[in-house]
Amino acid sequence: MKRNMKKIITLSLLSMGIFHASAQALDPVYEMTVNTSQVGSPIQSTMYGIFFEDINFGADGGLYAELIKNRSFEFDNPFGGWTPFGDVTIQTKNPCFDKNPHYARLTNRKLITGTGLDNEGFRGIGVKEGEKYNFSLYARTVTNAPITIRVDLVNETNDIFETKKLEVNGKTWKKYQIVLTPQKTVDKARLRITMETEGAMDVEHISLFPEKTFNNRPNGMRADLAQALKDLKPGVFRFPGGCIVEGTTIETRYQWKNTIGPVENRPININRWNYTFPHKKFSDYYQSYGLGFFEYFQLSEDLGAEPLPVLNCGLSCQFENDDMCQHIPLDKLQPYIDDALDLIEFANGPATSKWGKIRAEMGHPAPFNMKFLAIGNEQWGPIYPERLELFVKAIRAKYPEIQIIGSSGPGSEGEDFDYLWPEMKRLDVDLVDEHFYRSPEWFLRGAKRYDSYDRNGPKVFAGEYACHAPNRENSFLTALCEAAFMTGFERNADVVHLCTYAPLFAHVDAWQWRPDLIWFDNHTLVKTANYYVQQLYGHHAGTNVLPLSMQNEPVTGQNDLYATAALDKNTNEVIIKVANTGIQNKKIRLNINGLSAGKHTGKQIQLHSTDLEAKNTFSNPDTVVPVETSIETEGPELNATLNPLSFTIYRIQL
Ligand code: AHR
C-alpha cells in the first residue's frame, strides 16, 4: 500500500513533466539564492488562520463544552438524546423560555420505580476524575410540596459513580445548580435525573458543563480543543461556516441574531450536516447556538485572531436548490442587508448603540474591532453578484472601513469561477474567497497558482482548502502536498492575504466529512500531520517575502522541490521553507545574500515520514510530528541535505 502511494505521487510528478532527469544524477546540489536586501511584500499577520464550521459535531459535542444533548427538548423529537422513564411528557404551556418553549413534565407516583430522564450526551459524556462539572436546570413544581431529585453520573454498565441531590421548591421557574465531582474518569457516561419524592415537576434547559473551560469562560469552549486552536497561532478566525450559513432552506440558514443573548433562549436550528449525505445521516445533529456569535468573537479575541464572520446573502444552498423558490428576491433583501449592518454595530458599535448595548450586556463593553465580513459562502451565477452588490453599497456607505469578502464559488477554476472573479472585481470587494478540495496532483501543480494573479485586483482569501487523496483520509501525503502548495501562498503574499484549511474538527464517532485538521473523542484529540503543516506556517510566517530562486526561477516543483523565503523583521531572521516531494535525499545549497561571513546559529524544523500514508492516530498521536534541531552555518551559505518526503523550515539569525 505504501508503495502504491509512492507510485501515485511519483507518477503524478512525471505526468506533470516536472520530474527532472537531474534528480537522478549523482548527488546533485540544488543551489537556491535568497536575497535578504530585497525585502518584498508584507506577509499579513492574518495570513494563516482557521475556519470553523459546525460539521462533524465540531460545535455541539465538540468545541462548545456543553455535555448534554438536546438540553431544551427542542429537537424535532423532543426526547432526542433522552431516555425518559416513569411518567414523563413534553409540554409547552407557560414555558420558561419563549424561543425554546418545550419542557418536560415529570410525575412520580410510586417511590419505588421512580420517574426521570437519562441523557446520553454526544456519543457519551466524557468526565474526568476529580474535575468539577456544573449541573444546572430550570424547574418548578406542579404539585404543592418541594421535590427532591437525585442527579447521577452512570457508566456504560449502569453503575452510578457520582451522585448528588437537590430540592426543587416553588411553582415558579427557577434555576438550580449543583457541582458534580466524579471520582472516576469515564469516556461515555450518562447523566440521570431521578425524582425521589412523589409529585409532579417541570424541567427545562438541563445542562452539565465542565467548570474548566478555555480561559475559564462561562458557557465556554472545551479547553483542550480550543488550546489546540491557539497552538496554531491563527491570525484570522472564520466562522460559522460553510454550508450551514446558507441552510438547506432559507429558513434553516444561519441567523446570527438567534445566537446571542441568554443562552437558554437561543432558538435551536437543525444542522444541515444532519442529512446532507444519505449514507451518513445524523438525526440528532442540531445547532444549540450555545456557541453563538458573541462566543465566536470572544474566542477570536482569546486566540489572538481577527474575527471573520460569514453571513447569508439571501441565497440558500445552491447545491440543494436549483430554482429560485428558496432564494430571496432582490426587493425583499433589506432584512438580510440589515443583518449585516447590525452585525457590524454588534461587533464594533459603542455600548450605547442598539446592538453594541447587547454586546456590552453580554459582558464585552469594548468593541471587538471586527475588520472583515464575508457575504455569501459557495454561491454562483448572476443571482449572487446581483445580491452582493446591494450589500456592498450599503456596507460601504455606512462602514467604509470594513473589508468585504465575496465568493468565487465552490470550484477552484472553471466556468463559475471564471464568471465570478471579474464580477468580484467589478463590485470592488476587498477579498475573494476561493475554495479547493483537490487531489495531491492538483495541489503540487497549484504551487504556481498565484504567481500569475492580477496584482491590482481584490486580494485572495483561500477560505477552504484541503488536499483530498482518493481515500479521503488524513495522511502525510496530503500534508506534504499542502505544505508544498502553501509555498505559493507565501511567495505571493502580496496577493494572498488569508488562508484557512477546512474543515477544522471531527468527532471520531460522529463525522460527516474528512479529511479534517483535528480529530477528537470525548477526552482527547489527535493533531493530524496536516495540522502540523498549518502550525509550522503559522509559527514561522515571517513579516515580509524575500525573493528565492533556483536558476533564476521560483522553486515550484522543479526536481520535486518547492521553496519560499521570508524575513522576520521582529527577530531579524531569514526563514526558508522547502518541501521535498521526491523519494530521494536532496542536497541543497542556499546562498543567502545578506548573511555575513562567519558563524550563524539557527534552527531546522522538519516534518518528515518515509511513509506517505503515515497518520497520527489516538493510539499513536506522534507518528508524524515536527522535529526541531539547532543548526550552525558559515555565512553566506547554508548547506543541507533534505530528507526525501519532507517539509523543512530553516530559521537563521542574520
Ligand atoms: O468544509 C465543508 C464544506 O465544504 C463547507 O461547508 C462548504 O463551504 C464546502 O462545500
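Testing Glu632 on (1) more than 27 Å from the chain's Cα centre (by Cα); (2) in a loop (DSSP other than H, G, I, E, B), one condition comes back false. Which one is that?
Every listed condition holds for Glu632 apart from (2).
For region 327-336, indicate whether the set of residues that are at pLDDT below 95 and away from the ligand (no atom under 16 Å from the Cβ) is non-empty.
Scanning region 327-336 turns up at least one residue that is at pLDDT below 95 and away from the ligand (no atom under 16 Å from the Cβ).
Which residue out of Gly363, Gly406 is of a type in the set (Gly, Ala, Ser) and open to solvent by 10 Å² or more (accessible area, probe 1.4 Å)?
Gly363
All but one of (1) farther than 27 Å from Gly62 by Cα; (2) more than 16 Å from the ligand (Cβ to nearest atom) hold for Asn258, so report the exception by its number.
Exception for Asn258: condition (1).
Looking only at region 462-506, filter to residues that are among the charged types (D, E, K, R) and more than 13 Å from the chain's Cα centre (by Cα); which one of those is nearest to the ligand (Cβ to nearest atom)?
Among those residues, the one meeting the criterion is Arg472.
If a residue has to be near the ligand (Cβ under 10 Å from one of its atoms) and at pLDDT below 95 to count, how many in region 234-253 make the cut?
Final tally of qualifying residues: 0.
Can you tell me which residue is farthest from the ligand (Cβ to nearest atom) among those in region 211-233 that are assigned to a helix (DSSP H, G or I) and touching a helix residue (DSSP H, G or I) at 6+ places or on another chain (Cβ under 7 Å)?
Selected residue: Asn215.
Quick check: is even one residue across region 136-144 surrounded by fewer than 19 Cβ atoms within 10 Å (Cβ to Cβ) and among the charged types (D, E, K, R)?
Checked against the condition, which is being surrounded by fewer than 19 Cβ atoms within 10 Å (Cβ to Cβ) and among the charged types (D, E, K, R), region 136-144 yields no hits at all.
Can you find, within region 390-406, the residue that is farthest from Glu464 (Cα to Cα) among those that are touching a residue at least 40 places away in the same chain (Cβ under 8 Å) and out of contact with any Pro (no Cβ under 9 Å at 6 or more places or on another chain)?
Lys398
Mind counting the residues in region 407-437 that are within 16 Å of the ligand (Cβ to nearest atom), in a loop (DSSP other than H, G, I, E, B), out of contact with any strand residue (DSSP E or B) (no Cβ under 7 Å at 6 or more places or on another chain) and touching a residue at least 12 places away in the same chain (Cβ under 8 Å)?
2
Here's the yes/no breakdown for (1) in contact with a Lys or Arg (Cβ under 9 Å, 6 or more places away or on another chain); (2) of a type in the set (A, V, I, L, M, F, W, C):
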site	(1), (2)
Thr571	yes, no
Lys577	no, no
Thr581	no, no
Asn585	no, no
Gly594	no, no
Asp611	yes, no
Phe618	no, yes
Pro626	no, no
Thr629	yes, no
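What's the number of the condition Asp509 fails, among (1) open to solvent by less than 10 Å² (accessible area, probe 1.4 Å); (2) more than 16 Å from the ligand (Cβ to nearest atom)?
Every listed condition holds for Asp509 apart from (1).
Quick one: in region 515-553, which of the residues that are closer than 19 Å to Ser619 by Cα and part of a loop (DSSP other than H, G, I, E, B) is nearest to the ligand (Cβ to nearest atom)?
Out of the qualifying residues, it is Asp516.
Only one of (1) of a type outside the set (A, V, I, L, M, F, W, C); (2) more than 16 Å from the ligand (Cβ to nearest atom); (3) touching a helix residue (DSSP H, G or I) at 6+ places or on another chain (Cβ under 9 Å) fails for Asn572. Which number is that?
(3)
Modelled with pLDDT of 95 or more, closer than 30 Å to Glu553 by Cα and crowded, with 19+ Cβ neighbours inside 10 Å, is that true of Ser439?
no
Restricting the first residue to region 282-300 and requiring it to be on the phi > 0 side of the Ramachandran plot and in contact (Cβ under 8 Å) with a residue 12 or more places away in the chain, which pairs with a second residue that is open to solvent by less than 20 Å² (accessible area, probe 1.4 Å) and part of a loop (DSSP other than H, G, I, E, B) meet a Cβ separation below 8 Å and a spacing of at least six or different chains?
Correct list of pairs: Tyr289/Arg266.
Pull out all pairs, ordered by first then second residue, where Cβ-Cβ is under 9 Å, the residues are six or more apart or on different chains, the first lies in region 305-334 and is more than 21 Å from Gly292 (Cβ to Cβ) and of a type in the set (Val, Ile, Thr), and the second is away from the ligand (no atom under 16 Å from the Cβ) and in a helix (DSSP H, G or I).
Here the result reads Ile328/Pro335; Ile328/Tyr336; Ile328/Arg387, each pair linking region 305-334 to a residue that is away from the ligand (no atom under 16 Å from the Cβ) and in a helix (DSSP H, G or I).
Name the residue that is nearest to Val578 (Cα to Cα), counting only residues in region 624-650 that are surrounded by fewer than 16 Cβ atoms within 10 Å (Cβ to Cβ) and among the hydroxyl-bearing types (Ser, Thr, Tyr).
Thr641
The values are calculated or read from the model by the stated rules, or taken from the named source; none is laboratory data. Quick caveat, the model's predicted, so the values are computed rather than measured. With ideal geometry, Cβ positions are generated from the backbone for all residues, glycine too; neighbour counts draw on all protein chains shown. Ligands, DNA and RNA are stripped out before the accessible areas are found, and what is left, the full protein with its side chains, is counted by its heavy atoms. Shrake-Rupley method; radii C 1.70, N 1.55, O 1.52, S 1.80 Å.
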